[in-house]
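S.K.: The structure that follows is given in the form of structure tokens.
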Amino acid sequence: MTFGEQPAYLRVASDLREKIVNGSLPPHTRLPSQARIREEYGVSDTVALEARKVLMAEGLVEGRSGSGTYVRERPVPRRIARSGYRSAAGASPFRQEQTAEGVHGTWESRSEQEGASAEIAERLGIEPDDRVMRTRYTFREAGEPMMLSTSWEPLAVTGRTPVMLPEEGPLGGCGVVERMAAIDVVVDNVAEQVGARPGLAEELLALGGVPGHVVMVIERTYYASGRPVETADVVVPADRFRVAYHLPVR
């Protein structure tokens, strides 16, 4: 093999991928067997197996027990619209995460106190092990899981107040901006960073994804006069959604 030449299994995977993308191997079609790949491409069983593993890791094919490997239906990505924080009264957690008008969704949540990890402490400007309220959300649209979110709020800000539990009390279910305003904390800025990584097993299980699929992670922090008052990780399946930002021109 000359320098710079692709390994054989990647060349086989690339050719099969092209056939899937151009429709030569349409959704629900059985992928050529390992023996067929070996014969057609003149490669070893090991190369054929590794090529199939690449396509499975990319989410292009799926194994069916006792039946073989089949081309997966490729979802048409939908849009998740974001436009920074919403100060309007009654902004729900779902609306906080998906700002597109006309989109309705539901959410499930669970809150519990914990000591801040070193990473979360840095994001909130507090000391490691300082107490925070962690809330885990699952957001659904038409019953389909579309987003996961884990938020952390420093109890030095919300502790012993009516908004200590984000989903309980008089403002339970309202967005961060409105809840903080109720305890005289004025949110005036929000920062988001978007990255991507392979989804964790528990994330993909909750989102209905395939092992190896990539997720987008939006790291968001709300500020009040420069002080972080809430930080969150929002996880979105990258194969089914696109994140679109609508930002005002100042």
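The values are calculated or read from the model by the stated rules, or taken from the named source; none is laboratory data. Owing to the predicted nature of the structure, the values given are computational and were not obtained by experimental measurement. FYI the Cβ positions are ideal-geometry reconstructions off the backbone, even for glycines, and counts take in every protein chain you see. When the accessible area is computed, the model is the full protein with side chains, heavy atoms only, and any ligands, DNA or RNA have been set aside. Shrake-Rupley method; radii C 1.70, N 1.55, O 1.52, S 1.80 Å.
S.K.: Out of the residues in region 32-53 that are β-branched (Val, Ile, Thr) and in a helix (DSSP H, G or I), state the one that is most open to solvent (accessible area, probe 1.4 Å).
M.R.: Selected residue: Thr46.
S.K.: Name every residue in region 123-139 that is open to solvent by 60 Å² or more (accessible area, probe 1.4 Å) and in contact (Cβ under 8 Å) with a residue 12 or more places away in the chain, in order of residue number.
M.R.: Gly125, Pro128, Asp129, Asp130, Arg131, Arg136, listed by residue number.
S.K.: Mind checking which residues of region 177-198 are open to solvent by less than 30 Å² (accessible area, probe 1.4 Å) and either of a type in the set (Asp, Glu) or out of contact with any helix residue (DSSP H, G or I) (no Cβ under 7 Å at 6 or more places or on another chain) (or both)?
M.R.: Across region 177-198, the qualifying residues are Val177, Arg179, Met180.
S.K.: Hey, among the residues in region 54-71 that are in a helix (DSSP H, G or I) and in contact with a helix residue (DSSP H, G or I) (Cβ under 8 Å, 6 or more places away or on another chain), which one's surrounded by the most Cβ atoms within 10 Å (Cβ to Cβ)?
M.R.: Result: Leu55.
S.K.: Can you tell me how many residues in region 190-208 are in contact (Cβ under 8 Å) with a residue 40 or more places away in the chain and not in a helix (DSSP H, G or I)?
M.R.: 5
S.K.: Still on this structure, I have one more. Return the total of residues in region 35-85 being of a type in the set (Lys, Arg), under 20 Å from Ser24 (Cα atoms) and in contact with a Lys or Arg (Cβ under 6 Å, 6 or more places away or on another chain).
M.R.: 0
S.K.: Now a separate question. For region 209-234, give me the residue count where each residue is over 19 Å from Tyr137 (Cβ atoms), part of a strand (DSSP E or B) and without any contact (Cβ under 8 Å) to a residue 40 or more places away in the chain.
M.R.: 2
S.K.: Those residues that are among the charged types (D, E, K, R) and at pLDDT below 95, I need them from region 131-159; list them, please.
M.R.: Listed by number, the residues that qualify are Arg140, Glu141, Glu144.
S.K.: Could you grab me the full set of residues in region 15-31 that are of a type in the set (Ser, Thr, Tyr) and open to solvent by less than 50 Å² (accessible area, probe 1.4 Å)?
M.R.: Thr29
S.K.: Taking the criterion of being within 13 Å of Glu97 (Cα to Cα), in contact with a Phe, Trp or Tyr (Cβ under 8 Å, 6 or more places away or on another chain) and β-branched (Val, Ile, Thr), would at least one residue in region 207-217 satisfy it?
M.R.: no
S.K.: Let me ask another. Taking region 199-208 as the search range and keeping residues that are of a type outside the set (A, V, I, L, M, F, W, C) and open to solvent by 30 Å² or more (accessible area, probe 1.4 Å), which one is nearest to Thr161 (Cα to Cα)?
M.R.: Glu202
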